[in-house]
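**Student:** First, the structure itself, so that you have it in front of you.
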Amino acid sequence: MTLLDVQELTISQVGSDAAIVRAATLALEPGETLGIAGESGCGKSTLLLALMGVVKPGLAVTGGHVHLMGQHLGSIAPEAMRRLRGQSIAWVPQSAAMALTPTMRVGAQLAEAMSVHDTIPPGDITARTTALFAQVRLPEPNQIGARYPHELSGGQMQRVVIAMALACAPKLLLLDEPTTGLDVTTQAEILDLLGELRRDTGMAMVCVSHDIGVLARLTARVAVMYAGRIVEDRPTAALLTRPAHPYARALLASVPQIENPGMPPSIPGSPPAPGMSTPGCAFAPRCSRAHAACDLVPALSPLPLGGRVACHSPENGIFAPVVMPTPLVAQEAGVPVVTVRDLVVQYRRASLFARLSRRSRPDSVVAGVSLTLLKGEILGLVGESGSGKSTIVRAIAGLWPRSAGTITLDGANLPARATERDRAALRRVQVVFQNPDASLNPRHTVREILAQPLRLYFNASPAEVEDHARSLTAAVRLDPDHLDRRPAQLSGGERQRVALARAFAAEPDVILCDEVTSALDVSVQASVLALIRDLCQSRGTSCLFVAHDIAVVAALCDRVAVIYLGQIVEIGRTTDVFLRPQHPYTEALLSAIPEPDPMKTMQPVLINGEMPSMTDPPAGCRFSTRCRHVRDVCRTSTPALALRSAEHFTACHFEGITGI
Amino acid sequence: MSGAPILRAVLSQPSGAIGITLVVGHVMLAVLSPLVLPHDPIAQSADLMLQMPSLSHPFGTDRLGRDILSRVMLGGREAMLIATLATLVAMVWGTVVGIFLALIGGRTDTYVMRIVDALSSIPGILIVMIFVAALGVGATALIPILGCSYGLSVVYIARAAALDFVARDFVLAAQARGEARATILIREILPNVRDTLAVQGAMQWSWLMLGITSLSFLGLGVAPPTPDWGLMIADARGVMPTAPWAVLWPMAMLSTLIVGVNLATDSFAKALGVDRQMGVRAA
Amino acid sequence: MLGLILRRLGAAWITVVVVAVVVFVGVEVMPGDACTAMLGRDAARIEVLENCRDRMGLNRPPVERFNAWAGDLAQGDLGVSMKRERPIVDIVGPRLRNTLILAFAAALAGVPLAIGLGVMVALRRERPFDIIVSTTALVAMTMPEFVVAALLILIFAIWLGWSSGVVTAAYDAPALTLLFATPLPAVTLALVYMAHILRMVRSSVIDTAGADYILMARMKGVPERQIVRRHLLPNAILPTIPVIGLTLAWLLSGVVIVESAFNYPGLGRLAVNAVADRDLPLVQATALIFGLIYVSMTLIADLLAMALNPRLRTRRL
């Protein structure tokens, strides 16, 4: 019997005909896995919730139906639905930290998942709790149940939530962006775990993610959604090698690939807002293959080699995205513009109390970092969350005081705090932040936002402000009528362009980008990256680009530095570092990234354990606790950055240990 | 957000409509009543004491023979005036200090907030009473005293609202650019907390009205013979068994005004998207 | 955890000190002093004034006077009332007891009822029960205590004759007598803060109901009743506890009015009388005591919140 049968499901906003999910049709057999891919606003999360019979307040099912194991979800009594949930079909939420009740111990929450159903006899619940904790590879499975959620790390909480889902041995598991917010290495472990669990239990899975790489590692089939519709539904390998729908193809093309370092092409235009209905195919306005027939909505039709696609003229060639290679920047004989030497930044000044107790040293978020930013180059700084990379940006910008070390701009020392710097120095270093929602004042118009640096640094008159604002908006490829809008009326990508325009308004020598594309959809990301590259090249501005996404860094940067636990472990030209990594951490990072490449999905993850905390860093080489090549000397002495080959430095005791 | 659409949103809700009607009614009464008084509010008359409501005295007379209707019509004026001015004082100094503390953070913030905490722990009414005890002052001096005392709760609210924004990147961006602190305060933060503060201001006003009438009740607020609702209630306490109207009319006036302000404020808060705080009443 | 408690106690202690300083300074900076206030017109006669000042020790420098005052306080000596010429401790003691009886009566009855109603209303939001109760709360919240007092006296004492209305017990009557005198004043006191607590609890429950972990519990198949009991209520009520503590703390300001309205022999009525008498030392002492009570109540509320919130008890591994 078909496990899941969805026919023409349409979910709209109550009181209007704005549909979030349109005529979705899919089927799942027992044991099968299906991934649902799409960008924000495409309706994938809403669709997933509907599979559980849940509709967010304000929405309602206005067409079609969902059959779960032969039962029509729309006509089940609430009590029967309640029994289904958890027992036959289980949910793994996006953010484990928010999904666990803060006032209940995790063991109790897991036991509750079983006690509310009849599948597990009450006497066995405690034993099964411990068994489940062990199955999800949590440490100390018989004791961890006594902890509260806030005492666990992000990865541990995610495992607890997975255990809760498995508790009653459900037939179907629904996962909503299961690895968002986790470190790359933790993410890889969770994906591994999920794969293993599926093999052991034989349950079916539906997984929603914006990251096709994650789905490639997890599911055998992927459905791509756009503007509320399923546009393509194919076996994963087929989708990755021969995507049929132009959107799927363009989406895959816009994902930066590490082996192909260079700027990926972006999709022109932007996706329609959720609920907006367009006549005909929703992707037609942005599609290079659009023609007259696209005025009619294409139906999902089967493809000769399996799967379905909703397109009037699907593509059938092998997928081979063309990237614009990163041109080698003609550096002026490597003139340094910003030099950072032995930078140490501490998290908090130790209170008297802390100083008197065991912890005699305050936490060093950045523990001795040296790097040089050359004129006209884009230097990437890559690391996981908590590695200190954002702190370095703030230290250079003067927003966080440094405890030791020097930072110079064109040879002259930069005072530690922004308040101590003179206006000329402030003008020459500009920052662009991650979250476009928070970095623009919601009450100001775009014109006002751009006017501020112009007034501050150049004493521009209103006429000059208007002039400059127009040319700036043109430079970031925004319409001049955006000048009167407020941030709330712009999309994420547009806001980030405004933030860039504001930074470049000051005509700086150096731009510091702190995770500027992390909050953007993949297709939008590509265009913002291209914009940064163009702006920097045309104005000769240097850029320090901080990100946790290695592929993005590979696409954009000339040189890259890899940072781990507050120290730089490898630095060199992008192609060198990523294609021939010398440091075990870089090697491990590269192996952990889920890439939408069917060839790479089977690689093992080359790293163990969790990131140690900043307050108690390992002695000797900081990576020694997780390195697979570790030797005795690594635990006692800290390696310094040493030159290995042309401009390629590594902080490891052993040369060539990665064997690449 | 501009004014007209918000007003419309407020009026479309029944609570908002009622609230605004009540408030507008009271304000108009306070402004226009001296022109339409049926009797002299201060004129005492020995024969007319404690008369039941009649045609010539629709609200009856009090124990000194004064016409209650006239006194009730004027009874809010003094208190409303004091409340308005004191609210202004409280909002201005509370906002400036609150936002400044949020911006400056660090030790200054901690120390000053300690002092504010301590000041808040003495019931506002006591603070005012201490001043009255020592200085024996009248209504006009109440304005700065009340303004300072009620401003304390504004400091909390303004600081909390500003803190919400101080951590945001656009303030950080302004600091990175090197903007002056005052500029950041006025240009970046103030426009964002404006709505919260407006709602808070309305609530402060209603609390001040309650506070002033309570003080009058205790004999420490508006001085006789100026009519005041609180004074009237205090006066008529003794004769409640025989002349309940002497107490009920001022009560009704005061209650309708306060209920009106609260309904309107609630409605505005919803329309503006402000989270109405269960703020601390200073007295 | 111990560190947190100690730090909280330390903060409370500092607040107490600041309160003492503020009370002292407040009285200090005003023109005139205890003697001029007390003597009124008689203060024009220099010898009487000097005499009074000598007796009260007002000629010493302020810092010395503060230290003396603080020192006395530490030993439990609150000074001497000018008007009644008795040690303040004797005056304040029994009245403090009476006020506490009143406050406890109000709190004990009011708090559980308010929380209970708040939860019930939130779970039935926007339905008739909610609308009626919430509107009543809104109205109750906006009426000044003296209005409520007058109304209650009117209804229960004059029209229904159930109670005597104004309290006739003396300040040193036995505790039980006083307790029986509390119903009307306690209800008056309770009404206002109950309305606040109700609205706050309602708001908190509604907010918590939208949390991800509530959805998660539903996804596990937990029945609604159990969700409310184990997931919703603990998380909704917890954050309200410190605010409830704060709300109770401004029972204190209500006490002043309510006691005056009902003539209840407590600290509030004493304060009003002291002000009317211009008895500055007594005013100072009562202000200080009120401040102390407030600080202790907020301290207890905070400690209670700490004890109940697992997040504050343990730190991340």
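Values quoted throughout were computed directly from the atomic coordinates according to the rules given, and no laboratory measurement underlies them. The shown structure was predicted, so the numbers you read here are calculated from the model rather than taken from an experiment. Please note: Cβ atoms are built from the backbone with ideal geometry, for glycine as well, and neighbour counts cover all protein chains shown.
**Student:** Take every Cα pair under 8 Å in the stretch A:165-321 that's 6+ residues apart, average their separations, divide by the length, and report that relative contact order as a whole percent.
**Tutor:** On the way: 195 pairs, mean separation 32.4, N = 157.
Relative contact order comes out at 21 percent.
**Student:** Further question on the same structure: Report the Cα-based extents of the protein assembly as shown along its three principal axes, largest first, to the nearest Å.
**Tutor:** 108, 72, 70
**Student:** Would you kindly derive the ³J(HN,Hα) couplings of the stretch A:548-554 from the backbone phi angles with the Karplus curve 6.51 cos²θ - 1.76 cosθ + 1.60 (θ = phi - 60°), listing them in order in whole Hz, with x for Gly and Pro?
**Tutor:** 9, 8, 5, 5, 4, 4, 5
**Student:** Let's test this: bin the Cα-Cα distances of chain C at 20 Å from zero up to the farthest pair and state each bin's percent.
**Tutor:** Calculated P(r), rounded to whole percents: 26, 49, 22, 3, 0.
**Student:** When C:Val111, B:Val199, C:Val25, C:Val255 are ordered from fewest to most other Cβ atoms inside 10 Å of their Cβ, what list results?
**Tutor:** On the way: C:Val111 17, B:Val199 22, C:Val25 12, C:Val255 28.
Ascending Cβ contact count within 10 Å gives the list C:Val25, C:Val111, B:Val199, C:Val255.
**Student:** Can you tell me, using C-alpha contacts under 8 Å and at least 6 residues apart, the relative contact order of chain A as a whole percent?
**Tutor:** Numbers: 1337 pairs, mean separation 85.6, N = 660.
Relative contact order comes out at 13 percent.
**Student:** Is there a simple number for the mean count of other chain Cβ atoms within 10 Å of the Cβ of residues in A:436-445, and what is it? Mind dumping the intermediate values first?
**Tutor:** On the way: counts 1, 3, 8, 6, 4, 12, 5, 12, 5, 0.
Neighbouring Cβ atoms belonging to other protein chains average 6 per residue here.
**Student:** So, one more: Other chains near B:163-174: what is the mean number of their Cβ atoms within 10 Å of each residue's Cβ? Each step should come with its number before you reach the end.
**Tutor:** Details: counts 0, 0, 4, 0, 1, 8, 13, 14, 3, 8, 16, 4.
Across the residues of B:163-174, the mean count of other-chain Cβ atoms within 10 Å is 6.
**Student:** What dipole magnitude, in Debye to the nearest 20, does chain A give about its Cα centre under +1 on Lys/Arg Cβ and -1 on Asp/Glu Cβ? Let's see the in-between values first.
**Tutor:** Working: 61 positive and 60 negative charges, 229 e Å.
It comes to approximately 1100 debye.
**Student:** Specify the angular offset, from 0 to 90 degrees and rounded to the nearest 10, of the alpha carbon long axis of helix C:267-277 from the longest principal axis of the alpha carbons in chain C.
**Tutor:** Roughly 30 degrees, rounded to the nearest 10.
**Student:** What net charge is computed for the residues neighbouring A:Val369, neighbours being all others with C-beta under 14 Å from the C-beta of A:Val369, Lys and Arg scored +1, Asp and Glu -1?
**Tutor:** Working: positive: A:Arg341, A:Lys389, A:Arg394, A:Arg402, A:Arg622; negative: A:Asp342, A:Glu570.
After counting each charged neighbour, the total is +3.
**Student:** Dividing the alpha-carbon radius of gyration of the stretch A:194-251 by 2.2 N^0.38 Å (N being the number of residues), what value is obtained? Each step should come with its number before you reach the end.
**Tutor:** Numbers: Rg = 12.1 Å, N = 58, 2.2 N^0.38 = 10.3 Å.
Taking N as the residue count of the stretch A:194-251, the ratio is 1.18.
**Student:** Classify the stretch B:1-142 as rounded, prolate or oblate, taking a ≥ b ≥ c as the square roots of the eigenvalues of its Cα gyration tensor: rounded when a/c is under 1.5, otherwise prolate if a/b is larger than b/c and oblate if not.
**Tutor:** Details: a/c = 3.48, a/b = 1.56, b/c = 2.24.
Judged from the Cα gyration tensor, the stretch B:1-142 comes out oblate (a/c at least 1.5, b/c at or above a/b).
**Student:** Still on this structure: Over the C-alpha atoms of the stretch A:471-535, what are the Rg and the largest Cα-to-Cα span, Dmax, in Å?
**Tutor:** Considering the stretch A:471-535 through its Cα atoms, Rg and Dmax are 11.4, 31 Å.
**Student:** Ok, one more. Among C:232-242, A:163-173, how do they line up by average Cβ neighbours within 10 Å per residue, starting with the highest? Spell out each step's value before the answer.
**Tutor:** Working: C:232-242: 19.5, A:163-173: 23.0.
Highest to lowest by the protection proxy: A:163-173, C:232-242.
**Student:** Taking every alpha carbon pair in the stretch C:104-190, what does the distance histogram look like in 5 angstrom bins from 0, in percent?
**Tutor:** Final binned percentages: 3, 13, 17, 19, 19, 14, 8, 5, 2, 1.
**Student:** Oh, and also: Note the angle between two axes, namely the Cα long axis of helix C:251-262 and the longest principal axis of the Cα atoms of chain C, as a number of degrees from 0 to 90, rounded to the nearest 10.
**Tutor:** Result, in degrees: 70.
**Student:** Determine the dipole magnitude for the stretch B:45-142: charges of +1 sit on the beta-carbon of Lys and Arg, -1 on that of Asp and Glu, nothing else is charged, the reference point is the Cα centre, and the result goes in debye to the nearest 20. Provide the component values of the computation, followed by the final result.
**Tutor:** On the way: 6 positive and 6 negative charges, 26 e Å.
For the stretch B:45-142, the charge dipole is close to 120 debye.
**Student:** Right, here's the next one. From the phi of every residue in the stretch B:238-243, what ³J(HN,Hα) in whole Hz does the Karplus formula 6.51 cos²θ - 1.76 cosθ + 1.60 yield, where θ is phi - 60° and glycine or proline is x?
**Tutor:** Each residue of the stretch B:238-243 in turn: x, 9, 4, x, 8, 9 Hz.
**Student:** Here's a follow-up. May I ask you to order A:39-47, B:189-197, A:278-286 by the average number of other C-beta atoms within 10 Å around their residues, highest value first? It would help to have the intermediate numbers written out before the result.
**Tutor:** Values: A:39-47: 22.4, B:189-197: 20.2, A:278-286: 18.4.
Output ranking for A:39-47, B:189-197, A:278-286: A:39-47, B:189-197, A:278-286.
**Student:** Rounded if a/c is under 1.5, else prolate if a/b is larger than b/c, else oblate: which is chain B, with a ≥ b ≥ c the root eigenvalues of its Cα gyration tensor?
**Tutor:** prolate
**Student:** Find out how many positive minus negative residues lie around A:Arg83, taking Lys and Arg as positive, Asp and Glu as negative, among other residues whose Cβ is under 12 Å from that of A:Arg83.
**Tutor:** Numbers: positive: A:Arg82, A:Arg85, C:Lys220; negative: A:Glu79, A:Asp118.
Residues close to A:Arg83 contribute a combined charge of +1.
**Student:** Right, next: Using only Cα atoms, find the angle between the long axis of helix B:14-36 and the longest principal axis of chain B, and express it within 0 to 90 degrees, rounded to the nearest 10.
**Tutor:** Once rounded, one gets 50 degrees.
**Student:** Holding the Cα-Cα limit at 25 Å, pick out from A:Lys44/A:Lys389; B:Lys270/C:Lys220; A:Lys56/B:Lys270 the pairs that are longer than that. Numbers along the way, then the final one.
**Tutor:** On the way: A:Lys44/A:Lys389 33 Å; B:Lys270/C:Lys220 34 Å; A:Lys56/B:Lys270 22 Å.
Checking Cα-Cα distances, A:Lys44/A:Lys389; B:Lys270/C:Lys220 exceed 25 Å.
**Student:** OK, next. Relative contact order of chain B: what whole-number percent is it, with Cα pairs under 8 angstrom and at least 6 residues apart? Don't skip to the end; give the middle numbers.
**Tutor:** On the way: 394 pairs, mean separation 81.3, N = 283.
Relative contact order of chain B: 29 percent.
**Student:** Moving to a separate point now. Can you list residues from other chains, or at least 5 along the same chain, whose modelled amide H is less than 5 Å from the amide H of A:Val222?
**Tutor:** Placed amide hydrogens put A:Gly35, A:Arg234, A:Thr236 under 5 Å from A:Val222.
**Student:** Within 10 Å of each Cβ in B:256-267, how many Cβ atoms from other chains are there, averaged over the peptide? Walk me through the intermediate numbers first.
**Tutor:** Values: counts 1, 1, 6, 6, 1, 1, 4, 4, 0, 0, 2, 0.
Mean partner shielding for this stretch: 2.
**Student:** Oh, and also: When chain B is modelled as a GNM with alpha-carbon springs shorter than 10 Å, which of B:Asp117, B:Asp235, B:Asp47 fluctuates the most?
**Tutor:** B:Asp47
**Student:** Quick check on the exposure proxy: order A:Thr62, A:Thr103 from fewest to most C-beta atoms within 10 angstrom.
**Tutor:** Values: A:Thr62 15, A:Thr103 19.
Ordered by Cβ neighbours within 10 Å, fewest first: A:Thr62, A:Thr103.
**Student:** How large is the charge dipole for the stretch A:152-270, taken about the Cα centre, if only the Cβ atoms of Lys, Arg (+1) and Asp, Glu (-1) carry charge, to the nearest 20 debye?
**Tutor:** On the way: 10 positive and 11 negative charges, 86 e Å.
With only Lys, Arg, Asp and Glu charged at Cβ, the dipole is about 420 debye.
**Student:** Here's another thing I want to ask about it. Only loop residues by DSSP count here, and only those with at most 14 other Cβ atoms within 10 Å; note down the trypsin sites (Lys or Arg not before Pro) in the stretch C:81-185 that meet that.
**Tutor:** Numbers: sites: C:Lys83, C:Arg84, C:Arg95, C:Arg97, C:Arg124, C:Arg125; in loops: C:Lys83, C:Arg84, C:Arg124, C:Arg125.
Here the trypsin sites (Lys or Arg not before Pro) that fit, given the DSSP loop and packing criteria, are C:Arg124, C:Arg125.
**Student:** Ranked from highest to lowest mean number of other Cβ atoms within 10 Å per residue, what is the order of the peptides A:386-395, A:243-252? Walk me through the numbers before you get to the answer.
**Tutor:** Working: A:386-395: 23.8, A:243-252: 25.3.
Highest-to-lowest ranking by the protection proxy: A:243-252, A:386-395.
**Student:** Could you tell me whether chain A comes out rounded, prolate or oblate from its Cα gyration tensor? Rule is a ≥ b ≥ c as square roots of the eigenvalues, rounded for a/c under 1.5, then prolate if a/b exceeds b/c, otherwise oblate.
**Tutor:** Details: a/c = 1.75, a/b = 1.24, b/c = 1.40.
Because a/c hits 1.5 or more and a/b fails to exceed b/c, chain A counts as oblate.
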